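K.L.:
Handing you this structure, nothing more for now.
No lab work stands behind these numbers, since they all come straight from the coordinates. It should be emphasised that the depicted structure is a prediction, and the values quoted were computed from it without experimental measurement. When we count neighbours, we look across all protein chains shown, and the Cβ atoms used for this are built from the backbone with ideal geometry, even at glycine.
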Ligand SMILES: Nc1nc2c(ncn2[C@@H]2O[C@H](COP(=O)(O)OP(=O)(O)OP(=O)(O)O)[C@@H](O)[C@H]2O)c(=O)[nH]1
Ligand SMILES: [Mg+2]
């Protein structure tokens, strides 16, 4: 199971359930938020982050505009999306170059977190964007680490400065800086030694190295698979040597994503990059908004909401809704409704954009829904305004006339009228409040 898949599934279930309610009450929102909270906790998100997050969503969701809106669930999804982005750091956080090149990036982290691999990945990333990076192998605790960096650098044709492992780390760093000037490198990536856990000697060494390097970036490399431990590590490193950014590795793993969702909010340090595989090019800048929409399983959900908002004439919708409540909804109103739905674009495509639905939407042959709607529209256009306003007057001969006019059969007309009657009954019982999505559905069985 890929990272976030669990959370994504759970959240789309919550929203799907919510969207089937139409108008929402404060209790509906609280129930939904309780499930969101559980889903986040089960995904291993830090409890403090969960608490802050749900409180922010709740406050905004209970705002009058949301509850009174015709599409409250969509408004709530929008709020959840925005608050997720905030939790993840808001805007994208870029590498900040030094005003006096070379720009020095010091990579720190625990053993096995991915520092050496990430140093090479970052150098390659910079090289691809036209920079001239130099790698410095300052992890002299394991001779193999130096060798590993040289091999990775060679693969991507990147310069490396390395020395015999006996050399002190601060000396390797000082020489590395001189070397960068000689080679006209404008970025220097320094791989440092890690420890199994945070301890005094490591922090001491890192502080000394930092003094020599005067880095513009001190990036902590953390393994996203280690969950809340990663969050702890980030907080600790930041308080001791002051970080400028985080790189989350192994985001291709199957952890539940709690580290990624908590680390920024808890540590206050922005996530700048993520590692998504073992290869040197499995690396990307971190975009809070993209991760948020991935989590909500709705790369397309927001597009859908915008489309719906644009296409749907709110004023007209409100009038329709009032008629529905008072059961004065006639076929003329339905025709207007139908056209609103069609304005939104191909229906199967729209349905695919809704979370929770894609599984069965895929089974409808393309155009089925449109054909149905077109047919219904044709039938209604063949009626006189009087018939549309008062369908009860449609007798046998009128039925035949309408069928001829719309290229359908009297049975089709019957079916439509029966379903319309059913719908009116439902409305009278007060269940018809959830316009507009389900209107079309009432007119043909699946
Ligand atoms: N799947 C996956 N594996 C990664 C990623 N980043 C690093 N690794 C792997 O994690 C392991 C450890 O990576 P290193 O770069 O050696 O980690 P390190 O922090 O330098 O480790 P030490 O030098 O021992 O402290 C290696 O097998 C890498 O291939 C990633 O984003 N995804
Ligand atoms: Mg290493």
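K.L.:
Using the beta-carbon distance between residue 48 and residue 17 and R0 = 45 Å, what value does 1/(1 + (r/R0)^6) give for FRET efficiency, to the nearest 0.05?
P.N.:
That pair, residue 48 with residue 17, gives E of 0.95.
K.L.:
Which order do peptides 275-286, 193-204 fall in by mean Cβ count within 10 Å, highest first?
P.N.:
So the peptides 275-286, 193-204, ranked by packing, come out 275-286, 193-204.
K.L.:
Can you sort 80, 266 from fewest to most other Cβ atoms within 10 Å of each residue's own Cβ?
P.N.:
Neighbour counts put them in this order, fewest first: 266, 80.
K.L.:
What is the calculated FRET efficiency for residue 207 to residue 147, with r their C-beta to C-beta distance and R₀ = 30 Å, to the nearest 0.05?
P.N.:
Efficiency computed from Cβ-Cβ geometry: 0.65.
K.L.:
Output needed: percent of Cα pairs per 5 Å distance bin for the stretch 140-181, bins running from 0 to the one holding the longest distance.
P.N.:
Bin by bin from 0 Å, the calculated values are 5, 23, 28, 26, 15, 2.
K.L.:
Using a basic spin-label model with each label point 7 Å from the Cα along Cα→Cβ, how many nm lie between residue 25 and residue 235?
P.N.:
Placing both labels 7 Å along Cα→Cβ, they lie 3.9 nm apart.
K.L.:
Using a Förster distance of 22 angstrom, determine the FRET efficiency expected from the C-beta separation of residue 242 and residue 174, and round it to 0.05.
P.N.:
Here the calculated transfer efficiency is 0.55.
K.L.:
Can you give me the distance in nm between label points at residue 157 and residue 252, each placed 7 Å from the Cα along the Cα-to-Cβ direction?
P.N.:
2.3
K.L.:
Full-extension gain between residue 94 and residue 129, please, as 0.36 nm times their residue separation minus the C-alpha to C-alpha distance.
P.N.:
Details: separation 35, 0.36 × 35 = 12.60 nm, distance 1.32 nm.
Result for the pair: 11.3 nm of gain on full extension.
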